[in-house]
Amino acid sequence: MITATWHGHSCYTIDIDGTKIVVDPFLTGSPVARMKADEVEADFILLSHGHSDHLGDALAIAARTGATIVAPNELAVYCGEQGAAVHPMHIGGGFNFPWGRLQLTIAHHGSALIEDGGRPLYLGSPCGFLIKTETKCIYFAGDTGLFLDMKLIGDRNRIDLALLPIGDNFTMGVEDAVTATEYLKPKVAIPMHYGTWEVIDTDPEEFAAGTEKVGIKSVVLQVGESYTIE
């Protein structure tokens, strides 16, 4: 059984038969998160890119729990230099972990951490994730604009759950995210990366209505709620 719990913004805990995989753990400083970083249980941490609202509490959680951070190579190297156990990967590559297979996909975005003094530290390419077990597939798009290769991702994978940003301004907005569901053809789509701040305060119900029109089921989660794939 797989359960995805949304902690606001793009942060999820994905529980695969008891293995806890935390994605983009932005909790401290998030105006919408209810869970605190020191409450998080994690066996693995997946990071889609190096922006502070996605790297978030990853290093602190890894230090406390011993979780392995999985990320694009440059970001993984940075985390390793801070003392974390890491598994570097890169776009298009896949790896068989004890809980299933992970493959990195492209994402059209940036990936720099703003250091003290305002200098950007380049941390490689942003990515999305295909999380696969023997019978299920989750696509986590990460921060991205719409891209035509989403159709290829949908054609090559039977996606049970797609986690898609809808907030606009920094990522896809509602209209493009609905088009993404047409390309991906997931059984269920869940919106994310919206409502955290006013600049990305879009309406998830508009997304759900749009996907219904194109024959895709959407589930709008409240912060702290879960969706289970059985």
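Please note which strands (runs of 3 or more DSSP E) are completely contained in the stretch 111-180 and include at least 2 residues that are of a type in the set (A, V, I, L, M), within 17 Å of the chain's Cα centre (by Cα) and over 19 Å from Leu55 (Cα atoms).
Where strands (runs of 3 or more DSSP E) fall fully within the stretch 111-180 and carry at least 2 residues being of a type in the set (A, V, I, L, M), within 17 Å of the chain's Cα centre (by Cα) and over 19 Å from Leu55 (Cα atoms), they are 161-165.
Looking at the stretch 80-110 only, could you name the residues that are touching a helix residue (DSSP H, G or I) at 6+ places or on another chain (Cβ under 9 Å) and either assigned to a strand (DSSP E or B) or hydrophobic (A, V, I, L, M, F, W, C) (or both)?
Result: Ala84, Ala85, Val86, His87, Pro88, Met89, Thr105, Ile106.
Consider Val77 carefully, then state whether it is among the aliphatic types (A, V, I, L, M) and not in a helix (DSSP H, G or I).
When the stated conditions are applied, Val77 does not pass them.
For every residue, the table says whether it meets (1) closer than 25 Å to Arg119 by Cβ; (2) at pLDDT below 95; (3) among the aromatic types (Phe, Trp, Tyr).
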residue: Trp6; (1), (2), (3): no, no, yes
residue: Ser10; (1), (2), (3): yes, no, no
residue: Gly29; (1), (2), (3): yes, no, no
residue: Ala33; (1), (2), (3): no, no, no
residue: Gly80; (1), (2), (3): yes, no, no
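Filter the stretch 165-193 down to residues that are in contact with a helix residue (DSSP H, G or I) (Cβ under 6 Å, 6 or more places away or on another chain) and touching a residue at least 40 places away in the same chain (Cβ under 8 Å) and give me whichever is surrounded by the most Cβ atoms within 10 Å (Cβ to Cβ).
Ile166
Taking the options Asp149, Asp155, Asp143, name whichever one is surrounded by 18 or more Cβ atoms within 10 Å (Cβ to Cβ), out of contact with any Lys or Arg (no Cβ under 7 Å at 6 or more places or on another chain) and acidic (Asp, Glu).
Of Asp149, Asp155, Asp143, the one residue that is surrounded by 18 or more Cβ atoms within 10 Å (Cβ to Cβ), out of contact with any Lys or Arg (no Cβ under 7 Å at 6 or more places or on another chain) and acidic (Asp, Glu) is Asp143.
Can we say Val40 is surrounded by fewer than 23 Cβ atoms within 10 Å (Cβ to Cβ) and either among the β-branched types (Val, Ile, Thr) or over 21 Å from Asp201 (Cα atoms) (or both)?
So Val40 passes the test.
The values are calculated or read from the model by the stated rules, or taken from the named source; none is laboratory data. A quick note: this is a predicted structure, and the numbers were derived from the prediction, not measured. Neighbour counts run over all protein chains shown; Cβ positions are idealised from the backbone, glycine included.
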